[in-house]
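One structure is given here, and the rest of the page talks about it.
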Amino acid sequence: MRSVAIFLAALALAAPASAAAPRFGLFDLHDLSKASRNEFGDVKPTRRVPNAAFAVECGTGCRLGSGWLGFDRLVGPTAGEIRAASAGPGRIGWSVRLDLTARGQARWLAYARVAATRARRAGVPDVLAVVVSGRILAAPLADTLRLAHGRLDVPGFSPANARDAVKALAG
(Lines give C-alpha, C1' and ligand atoms only; values in the text may rest on other atoms or scores of the structure.)
Protein backbone atom coordinates (compact mmCIF):
# COMPACT_ATOMS: atom_id res chain seq x y z
CA MET A 1 0.00 0.00 0.00
CA ARG A 2 2.85 2.36 0.85
CA SER A 3 4.51 1.78 -2.55
CA VAL A 4 1.24 2.67 -4.30
CA ALA A 5 1.03 5.95 -2.34
CA ILE A 6 4.64 6.80 -3.24
CA PHE A 7 3.99 6.02 -6.91
CA LEU A 8 0.85 8.21 -6.97
CA ALA A 9 2.73 11.06 -5.27
CA ALA A 10 5.52 10.80 -7.84
CA LEU A 11 3.00 10.94 -10.68
CA ALA A 12 1.35 14.01 -9.20
CA LEU A 13 4.68 15.86 -8.95
CA ALA A 14 6.08 14.78 -12.31
CA ALA A 15 6.08 17.18 -15.24
CA PRO A 16 3.79 16.27 -18.13
CA ALA A 17 5.42 13.89 -20.59
CA SER A 18 4.29 15.83 -23.62
CA ALA A 19 2.37 18.87 -24.67
CA ALA A 20 -1.24 18.80 -25.75
CA ALA A 21 -2.05 17.65 -29.27
CA PRO A 22 -5.37 19.16 -30.36
CA ARG A 23 -8.05 17.26 -32.28
CA PHE A 24 -8.21 20.29 -34.60
CA GLY A 25 -6.23 23.49 -34.64
CA LEU A 26 -4.96 26.29 -36.81
CA PHE A 27 -1.49 27.44 -35.85
CA ASP A 28 0.43 30.44 -37.18
CA LEU A 29 4.18 30.01 -37.71
CA HIS A 30 4.64 33.33 -35.86
CA ASP A 31 3.58 31.40 -32.75
CA LEU A 32 6.25 28.70 -32.92
CA SER A 33 7.77 27.94 -29.53
CA LYS A 34 11.46 28.71 -28.99
CA ALA A 35 12.17 24.97 -29.13
CA SER A 36 10.95 24.90 -32.75
CA ARG A 37 13.09 27.78 -34.05
CA ASN A 38 16.72 27.80 -35.08
CA GLU A 39 19.12 30.63 -34.19
CA PHE A 40 17.80 32.69 -37.13
CA GLY A 41 14.14 32.29 -36.10
CA ASP A 42 13.32 29.82 -38.88
CA VAL A 43 11.24 26.64 -38.49
CA LYS A 44 13.24 23.81 -36.93
CA PRO A 45 11.40 20.48 -36.54
CA THR A 46 12.86 18.23 -33.82
CA ARG A 47 13.03 14.47 -33.44
CA ARG A 48 11.55 14.64 -29.97
CA VAL A 49 8.33 16.21 -28.72
CA PRO A 50 9.22 19.83 -27.89
CA ASN A 51 8.43 21.54 -24.61
CA ALA A 52 5.56 23.75 -25.79
CA ALA A 53 1.90 24.40 -25.10
CA PHE A 54 0.99 22.43 -28.23
CA ALA A 55 3.19 19.79 -29.85
CA VAL A 56 2.27 18.60 -33.34
CA GLU A 57 3.79 16.08 -35.70
CA CYS A 58 4.95 17.09 -39.16
CA GLY A 59 5.27 13.96 -41.30
CA THR A 60 7.56 13.28 -44.21
CA GLY A 61 5.17 14.92 -46.70
CA CYS A 62 4.88 18.10 -44.65
CA ARG A 63 6.39 21.16 -46.33
CA LEU A 64 7.61 22.43 -42.95
CA GLY A 65 10.02 19.51 -42.52
CA SER A 66 9.85 16.11 -40.86
CA GLY A 67 9.60 15.90 -37.07
CA TRP A 68 7.83 17.71 -34.24
CA LEU A 69 6.92 21.38 -33.92
CA GLY A 70 5.82 23.25 -30.83
CA PHE A 71 3.41 26.17 -30.80
CA ASP A 72 2.56 28.59 -28.02
CA ARG A 73 -1.08 29.16 -28.98
CA LEU A 74 -3.92 28.32 -31.35
CA VAL A 75 -5.39 30.81 -33.80
CA GLY A 76 -8.88 30.56 -35.20
CA PRO A 77 -11.62 28.07 -34.36
CA THR A 78 -11.23 24.97 -32.20
CA ALA A 79 -12.82 21.54 -32.72
CA GLY A 80 -15.68 22.50 -30.42
CA GLU A 81 -16.52 25.45 -32.68
CA ILE A 82 -16.97 23.29 -35.79
CA ARG A 83 -20.52 22.08 -36.46
CA ALA A 84 -19.73 20.04 -39.59
CA ALA A 85 -16.88 19.40 -42.03
CA SER A 86 -16.75 18.35 -45.67
CA ALA A 87 -13.98 17.92 -48.23
CA GLY A 88 -13.63 18.26 -51.97
CA PRO A 89 -11.59 19.78 -54.78
CA GLY A 90 -10.98 23.47 -54.15
CA ARG A 91 -9.13 26.51 -55.40
CA ILE A 92 -5.72 25.20 -54.25
CA GLY A 93 -5.61 21.41 -54.11
CA TRP A 94 -8.36 19.94 -52.01
CA SER A 95 -10.21 21.99 -49.42
CA VAL A 96 -11.83 21.19 -46.11
CA ARG A 97 -14.95 23.24 -45.52
CA LEU A 98 -15.80 23.90 -41.89
CA ASP A 99 -19.27 25.03 -40.78
CA LEU A 100 -18.46 27.21 -37.76
CA THR A 101 -20.42 28.30 -34.72
CA ALA A 102 -20.79 32.03 -34.11
CA ARG A 103 -17.88 31.87 -31.68
CA GLY A 104 -15.70 30.02 -34.23
CA GLN A 105 -16.50 32.68 -36.83
CA ALA A 106 -15.59 35.45 -34.39
CA ARG A 107 -12.28 33.75 -33.51
CA TRP A 108 -11.40 33.35 -37.19
CA LEU A 109 -12.29 36.97 -38.02
CA ALA A 110 -10.21 38.27 -35.08
CA TYR A 111 -7.18 36.28 -36.27
CA ALA A 112 -7.75 37.21 -39.94
CA ARG A 113 -7.58 40.93 -39.04
CA VAL A 114 -4.23 40.44 -37.28
CA ALA A 115 -2.89 38.34 -40.17
CA ALA A 116 -4.00 40.91 -42.77
CA THR A 117 -2.24 43.70 -40.87
CA ARG A 118 0.97 41.66 -40.67
CA ALA A 119 0.73 40.82 -44.39
CA ARG A 120 0.41 44.50 -45.30
CA ARG A 121 3.43 45.40 -43.14
CA ALA A 122 5.64 42.48 -44.17
CA GLY A 123 4.48 42.10 -47.76
CA VAL A 124 3.89 38.36 -47.34
CA PRO A 125 1.00 36.45 -45.74
CA ASP A 126 1.32 34.28 -42.64
CA VAL A 127 1.78 30.53 -43.04
CA LEU A 128 -0.67 28.37 -41.11
CA ALA A 129 -0.34 24.79 -39.96
CA VAL A 130 -3.66 22.92 -40.09
CA VAL A 131 -3.52 20.24 -37.41
CA VAL A 132 -5.93 17.33 -37.12
CA SER A 133 -5.45 14.64 -34.47
CA GLY A 134 -2.02 16.02 -33.61
CA ARG A 135 -0.65 15.93 -37.19
CA ILE A 136 -0.07 18.76 -39.64
CA LEU A 137 -2.18 17.89 -42.70
CA ALA A 138 -1.87 21.17 -44.63
CA ALA A 139 0.12 24.42 -44.50
CA PRO A 140 -1.80 27.07 -46.46
CA LEU A 141 -1.13 30.78 -46.50
CA ALA A 142 -3.49 32.69 -44.22
CA ASP A 143 -4.84 34.84 -47.05
CA THR A 144 -6.08 31.77 -48.95
CA LEU A 145 -8.67 30.81 -46.31
CA ARG A 146 -12.15 32.22 -46.93
CA LEU A 147 -15.08 32.67 -44.56
CA ALA A 148 -18.51 33.10 -46.14
CA HIS A 149 -21.95 32.42 -44.65
CA GLY A 150 -20.49 30.69 -41.61
CA ARG A 151 -18.31 28.31 -43.64
CA LEU A 152 -14.52 28.49 -43.53
CA ASP A 153 -12.82 27.12 -46.66
CA VAL A 154 -9.36 25.76 -45.77
CA PRO A 155 -7.35 24.93 -48.94
CA GLY A 156 -4.07 23.14 -49.53
CA PHE A 157 -4.88 19.54 -48.63
CA SER A 158 -4.09 16.40 -50.56
CA PRO A 159 -7.24 14.32 -51.27
CA ALA A 160 -6.23 11.72 -48.65
CA ASN A 161 -5.44 14.32 -45.97
CA ALA A 162 -8.73 16.15 -46.64
CA ARG A 163 -10.69 12.93 -46.19
CA ASP A 164 -8.70 12.10 -43.02
CA ALA A 165 -9.46 15.55 -41.61
CA VAL A 166 -13.21 15.20 -42.19
CA LYS A 167 -13.24 11.71 -40.71
CA ALA A 168 -11.35 12.86 -37.58
CA LEU A 169 -13.61 15.86 -37.12
CA ALA A 170 -16.73 13.70 -37.41
CA GLY A 171 -15.56 11.34 -34.64
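Per-structure values
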quantity	calculated
Some residue of the range 57-70 being within 15 Å of the chain's Cα centre (by Cα), at pLDDT 90 or above, more than 29 Å from residue 113 (Cβ to Cβ) and charged (D, E, K, R)	yes
Among residues of the range 56-81, those that are of a type in the set (A, V, I, L, M) and assigned to a strand (DSSP E or B), counted	3
Residue match in the range 96-107 (condition: in contact with a strand residue (DSSP E or B) (Cβ under 7 Å, 6 or more places away or on another chain), on the phi > 0 side of the Ramachandran plot and not aromatic (Phe, Trp, Tyr))	no
Residue match in the range 119-129 (condition: under 17 Å from residue 162 (Cα atoms) and not acidic (Asp, Glu))	yes
Scan of the range 113-171 for residues that are in contact with an Asp or Glu (Cβ under 8 Å, 6 or more places away or on another chain) and free of Cβ contacts under 8 Å to residues at least 12 places away in the same chain, ordered by number	146
Residue ranges of strands (runs of 3 or more DSSP E) in the range 82-161 with at least 2 members at pLDDT 95 or above	82-89, 94-100, 146-148, 151-157
Identity of the residue in the range 67-80, in contact with a strand residue (DSSP E or B) (Cβ under 6 Å, 6 or more places away or on another chain) and over 22 Å from residue 97 (Cα atoms), that ends up surrounded by the fewest Cβ atoms within 10 Å (Cβ to Cβ)	67
Any hit, the range 48-55, residues being in contact with a strand residue (DSSP E or B) (Cβ under 9 Å, 6 or more places away or on another chain), in contact (Cβ under 8 Å) with a residue 12 or more places away in the chain, of a type in the set (Lys, Arg) and loosely packed, with under 15 Cβ neighbours inside 10 Å	yes
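The values are calculated or read from the model by the stated rules, or taken from the named source; none is laboratory data. Computed from a prediction, not measured in an experiment: that's the story for all the values here. When we count neighbours, we look across all protein chains shown, and the Cβ atoms used for this are built from the backbone with ideal geometry, even at glycine.
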